[in-house]
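What follows is a short report on a single structure.
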Amino acid sequence: MSGTYLGMPAFPPPPPPAFPEAARDAVHDQTLRGNLRHATHTIRAKRARAVAEVSDWAALREAGMRIKDHTLRHLDRYLVQLEESVTAAGGTVHWAVDADEANRIVAGLVKATGETEVVKVKSMATQEIGLNEALEAEGIRAYETDLAELIVQLGRDRPSHILVPAIHRNRGEIRDIFRQEMGEWGRPAPEGLTDTPAELAEAARLHLREKFLRAKVGVSGANFMVAETGTLVVVESEGNGRMCLTLPETLISVVGIEKILPTWQDLEVFLQTLPRSSTAERMNPYTSMWTGTTDEDGPRTFHLVLLDNGRTDTLADEVGRQALRCIRCSACLNVCPVYERAGGHAYGSVYPGPIGAILSPQLRGIASEIDASLPYASSLCGACYEVCPVAIDIPEVLVHLRERVVEGGRTTREGNKVVLRPAKGHAAERAAMRAARWAFTHPGALRTGQRLASRTRRFHPRTLPGPGRAWSGTRDLPPVPAEPFRDWWQRTHDGRDRGE
Amino acid sequence: MSSRERILGRVRRALADVRQDDTPYEQAIERSYVREHGERSAEQTVDLLAGNLADYRAIVHRCATDELAAMIAGLLAGRGAQTVLVPSGLDGDWLAAVDAERVPDRAESTPHELDRVDSVVTACAVAVAETGTIVLDGSPDQGRRRITLVPDHHICVVRIPDQVVSSVPQALERLDPARPLTWISGPSATSDIELDRVEGVHGPRTLEVVLVHGPG
């Protein structure tokens with residue numbers, strides 16, 4: 001079995017470089033820096049206002065965290081209950097252990113309808129499993145219908161933000177992509193298209209309308225699934241979601257197993273916290289809720305594909321499992337100083353930013369260079385934790401994963417307990433820590449070493465040689481005192497406390 | 001072993017460290033958040049709804065029950081609508097003064113046919129003041145989900161004050177999850193270009209909400 005695939009389209013996908021290399025180009029790209037800065041700062045201020053409007057935000061956040069934690073603790077029970085509810089309401093439930101299996105199921109379902117194209121609602125899960133590429137290989141064309149996803153698909157680009165995958169593009173770039181590429185995929189961009197957002201939205205409306213009206217198969221994810229009732233919920237803005245969820249005859253929803261909520265009432269928490277955290281609105285323009293199928297309204301056939309793809313491995317980690325609370329609002333991206341400068345592509349997965357830095361290495365494991373580097377893609381400032389509407393302590397998980405990278409240890413991969421070897425790149429760090437441990441448990445050696453260091457201090461270099469060079473390139477080495485503290489204490493206090 | 005069994009088995013093994021926890025769901029979740037934000041009279045709640053609808057670019061009108069037919073006829077005429085979609089259970093009096101051709105909401109209509117209709121008039125299931133949201137539940141006076149999606153102009157009638165609740169928790173209490181639900185907060189919009197909200201993508205680009213009071 002191949003490792004867990006977290007959908008990076010590029011064909012054929014080269015292994016993404018480690019975060020520092022990937023971020024280097026982005027950090028020097030002035031246009032990208034400007035675009036990201038503008039977008040993240042706009043949304044940051046708006047989010048703060050939207051959150052301040054509700055007096056009980058802290059209580060909603062606490063309740064959201066508890067609902068998610070409770071659900072995860074009893075996930076097996078709720079999955080079975082959800083399956084029963086969806087089936088009773090006329091839907092069919094499928095289970096997919098990994099990306100390959102999910103893609104096979106969806107491709108099979110589409111082929112069974114005899115159709116060769118599908119319209120898609122923006123969905124992180126289907127991006128994660130690389131569904132579009134898998135369908136393409138089976139001769140099925142998947143049309144992205146979310147505006148930002150359309151920009152990414154037309155531009156043969158990669159998504160760089162959870163909510164706004166084309167956040168790295170400004171309006172001028174979007175106009176150029178529409179002008180050049182729309183004709184290849186269907187209705188061309190209108191003559192004389194300018195870069196005003198309203199005109200760009202109009203161009204997308206015209207381009208996609210013919211696809212919606214003729215579509216026979218829709219593919220979606222879901223923001224929430226209610227175990228008690230079998231209801232699925234999609235939260236969106238543009239109406240492309242409603243088009244895909246109601247016009248086609250067949251609807252296939254691919255949803256991660258962690259998206260379950262126990263009860264209908266639980267929605268009252270997340271329908272208040274999600275819109276304010278993501279687009280900073282009191283409420284997003286459209287929310288669709290459906291339970292199985294409805295006679296003569298919407299799709300006649302509904303399939304739900306429940307996706308594991310590394311989620312149960314994440315659940316097995318006592319510290320890391322809190323990442324499964326995530327409702328994909330992207331508030332953590334918008335406040336992150338690292339994301340703002342590095343952009344989303346450097347994270348090498350469809351989940352960028354702080355949440356990506358803890359989710360990708362858990363879903364995929366830390367075997368690759370990029371995944372071993374992601375826990376370090378943070379200054380641990382904690383802004384992500386502050387804004388998280390389900391209180392995921394991202395810094396805590398980052399530190400936990402750093403330890404995993406450096407020290408190795410027990411973890412779970414594809415359902416099996418394994419023992420990881422320490423990562424290669426951190427040998428010097430481990431050696432230094434081992435040496436420190438030895439010195440601090442041998443006081444005689446420590447004293448001798450400290451005295452030696454004090455006496456030779458005139459000869460100390462200002463920067464470290466060898467592998468330490470990069471570290472001291474932006475830091476001053478701490479000066480060594482003329483006399484070790486313990487010698488000074490001995491000399492001035494004769495080894496006794498003043499009070500004695 | 002089926003994938004279902006495999007996933008459920010993995011979940012159970014993953015939770016091996018979790019102590020047997022029999023806390024019932026009702027006790028595990030503390031709901032210290034409020035049922036509604038602030039205290040308002042029924043009238044103030046309606047005003048808040050109107051304000052929040054307008055804030056997200058819905059066009060809000062008010063009238064009495066006996067003025068509703070004239071109001072709807074005026075809105076359709078003002079828009080130059082030649083055709084109007086009508087859910088099967090819509091109160092016939094509402095469209096009594098309308099000149100536009102009535103197109104019934106039928107199962108056999110194709111999406112292309114719906115795309116040629118100018119406007120749609122519906123009732124709603126509930127409206128949420130704090131968020132400026134109207135919710136449709138597919139009842140006979142609201143019709144199939146697609147009729148309020150494909151036409152570019154939607155007129156939605158809300159009976160005040162009895163169809164208006166303050167908050168999202170109160171709205172969910174009134175709704176039946178078995179019905180297909182559509183929550184609408186302003187016309188179709190996008191934040192995908194530089195994270196700025198722009199109205200008008202795929203759903204109706206004009207949403208008019210009529211708040212109607214008086215005996216119905």
Single match in A:269, A:234 (criterion: assigned to a strand (DSSP E or B) and at pLDDT 95 or above)
A:234
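For the range A:41-65, which positions are basic (Lys, Arg) and in contact with a His (Cβ under 7 Å, 6 or more places away or on another chain)? Working first, answer last.
Initial filter on the range A:41-65 (basic (Lys, Arg)): A:44, A:46-47, A:49, A:61.
Passing the criteria: none in range.
Which residues, taken from the range B:38-54, are at the interface with chain A (Cβ under 10 Å from one of its Cβ atoms) and among the polar types (S, T, N, Q)? Spell out how you get there, then give the answer.
Kept after step one, since they are at the interface with chain A (Cβ under 10 Å from one of its Cβ atoms), are these residues of the range B:38-54: B:38, B:52.
If the condition is that a residue be at the interface with chain A (Cβ under 10 Å from one of its Cβ atoms) and among the polar types (S, T, N, Q), then B:52 is the only one that fits.
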Filter result (within 11 Å of another protein chain (Cβ to nearest Cβ) and closer than 22 Å to residue A:186 by Cβ) within the range A:211-236:
A:211, A:212, A:213, A:214, A:215, A:216, A:236
Can you find a residue in the range B:60-69 that is touching a residue at least 24 places away in the same chain (Cβ under 8 Å) and within 12 Å of chain A (Cβ to nearest Cβ)?
no
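Out of the residues in the range A:146-162 meeting the condition of being in contact (Cβ under 8 Å) with a residue 40 or more places away in the chain and over 17 Å from residue A:346 (Cα atoms), tell me which one is nearest to the other protein chains (Cβ to nearest Cβ). Step through it out loud before you land on a result.
At the first step, the residues of the range A:146-162 found to be in contact (Cβ under 8 Å) with a residue 40 or more places away in the chain are A:146-147, A:150, A:158-162.
This time we only want the ones that are over 17 Å from residue A:346 (Cα atoms), so: A:146-147, A:150.
On the way: A:146: 7, A:147: 4, A:150: 9 Å.
Looking at the filtered set, the residue picked out is A:147.
For the range A:300-326, enumerate the residues that are in a loop (DSSP other than H, G, I, E, B), more than 9 Å from every other protein chain (Cβ to nearest Cβ) and surrounded by fewer than 23 Cβ atoms within 10 Å (Cβ to Cβ).
Going residue by residue through the range A:300-326, those that are in a loop (DSSP other than H, G, I, E, B) are A:300, A:308-310, A:316-319, A:326.
Pick out the ones that are also more than 9 Å from every other protein chain (Cβ to nearest Cβ) and you get A:300, A:309-310, A:319, A:326.
Correct list: A:300, A:319.
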Do we have residue B:109 as free of Cβ contacts under 8 Å to residues at least 60 places away in the same chain, surrounded by 15 or more Cβ atoms within 10 Å (Cβ to Cβ), closer than 21 Å to residue B:185 by Cα and not charged (D, E, K, R) here?
no
I need the full set of residues from the range B:37-74 which are small (Gly, Ala, Ser) and either in a helix (DSSP H, G or I) or surrounded by fewer than 15 Cβ atoms within 10 Å (Cβ to Cβ) (or both), in order please.
B:38, B:41, B:42, B:50, B:51, B:54, B:64, B:69, B:70, B:73, B:74
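Scanning the range B:180-204 for residues that are among the aliphatic types (A, V, I, L, M) and in contact with a strand residue (DSSP E or B) (Cβ under 9 Å, 6 or more places away or on another chain), which turns out surrounded by the most Cβ atoms within 10 Å (Cβ to Cβ)? Even if it seems obvious, please write down each step before you answer.
Kept after step one, since they are among the aliphatic types (A, V, I, L, M), are these residues of the range B:180-204: B:181, B:184, B:189, B:193, B:195, B:198, B:201.
Adding the requirement that they be in contact with a strand residue (DSSP E or B) (Cβ under 9 Å, 6 or more places away or on another chain) leaves B:181, B:184, B:189, B:198, B:201.
Values: B:181: 24, B:184: 30, B:189: 26, B:198: 22, B:201: 27.
Here the residue is B:184.
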Run residue A:296 past the list (1) within 11 Å of chain B (Cβ to nearest Cβ); (2) touching a residue at least 24 places away in the same chain (Cβ under 8 Å) and report the number of the one that doesn't hold.
(2)
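Does the range B:188-201 hold any residues that are within 19 Å of residue A:278 (Cβ to Cβ) and within 7 Å of another protein chain (Cβ to nearest Cβ), and which are they?
Answer for the range B:188-201, where residues must be within 19 Å of residue A:278 (Cβ to Cβ) and within 7 Å of another protein chain (Cβ to nearest Cβ): B:188, B:189, B:190, B:191, B:192, B:193, B:194, B:195, B:196, B:198, B:201.
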For residue A:109, which of the numbered conditions (1) facing chain B (nearest Cβ under 10 Å); (2) surrounded by 15 or more Cβ atoms within 10 Å (Cβ to Cβ); (3) not acidic (Asp, Glu) fails to hold?
(1)
I'd like to check something: does the range A:38-45 contain any residue that is crowded, with 16+ Cβ neighbours inside 10 Å and of a type in the set (Ser, Thr, Tyr)?
yes
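Tell me, which strands (runs of 3 or more DSSP E) lie completely within the range B:110-168 with 1 or more residues that are under 30 Å from residue A:210 (Cβ atoms)?
B:119-122, B:133-136, B:153-159
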Residues that are under 30 Å from residue B:8 (Cα atoms) and charged (D, E, K, R), drawn from the range A:297-356:
A:300, A:308, A:311, A:313, A:317, A:318, A:321, A:325, A:328
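Listed here are the residues, each with its yes/no results for (1) within 7 Å of chain A (Cβ to nearest Cβ); (2) surrounded by fewer than 22 Cβ atoms within 10 Å (Cβ to Cβ).
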residue: B:141; (1), (2): no, yes
residue: B:150; (1), (2): no, no
residue: B:158; (1), (2): no, no
residue: B:168; (1), (2): yes, no
residue: B:178; (1), (2): yes, yes
residue: B:206; (1), (2): no, yes
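Yes/no matrix, rows are residues, columns are (1) within 11 Å of chain B (Cβ to nearest Cβ); (2) of a type in the set (A, V, I, L, M); (3) without any contact (Cβ under 8 Å) to a residue 60 or more places away in the chain:
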residue: A:44; (1), (2), (3): yes, no, no
residue: A:49; (1), (2), (3): no, no, no
residue: A:64; (1), (2), (3): yes, no, no
residue: A:69; (1), (2), (3): yes, no, no
residue: A:79; (1), (2), (3): yes, yes, no
residue: A:86; (1), (2), (3): no, yes, no
residue: A:101; (1), (2), (3): yes, no, yes
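How many residues, within the range B:92-114, are more than 15 Å from residue B:149 (Cβ to Cβ), away from chain A (no Cβ under 14 Å) and of a type in the set (A, V, I, L, M)? Outline the logic, then answer.
Of the range B:92-114, the ones more than 15 Å from residue B:149 (Cβ to Cβ) are B:92-102, B:104, B:106-108.
If we keep only those that are away from chain A (no Cβ under 14 Å) as well, we get B:92-102.
Next cut, of a type in the set (A, V, I, L, M) only: B:95-98, B:100.
Qualifying residue count, the range B:92-114: 5.
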Residues (more than 7 Å from chain A (Cβ to nearest Cβ) and either touching a Phe, Trp or Tyr at 6+ places or on another chain (Cβ under 7 Å) or in contact (Cβ under 8 Å) with a residue 40 or more places away in the chain (or both)) located in the range B:3-37
B:35, B:36
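The values are calculated or read from the model by the stated rules, or taken from the named source; none is laboratory data. None of these values were measured; they are calculated from a predicted model. Backbone-built Cβ (ideal geometry, glycine too); neighbour counts: all protein chains shown.
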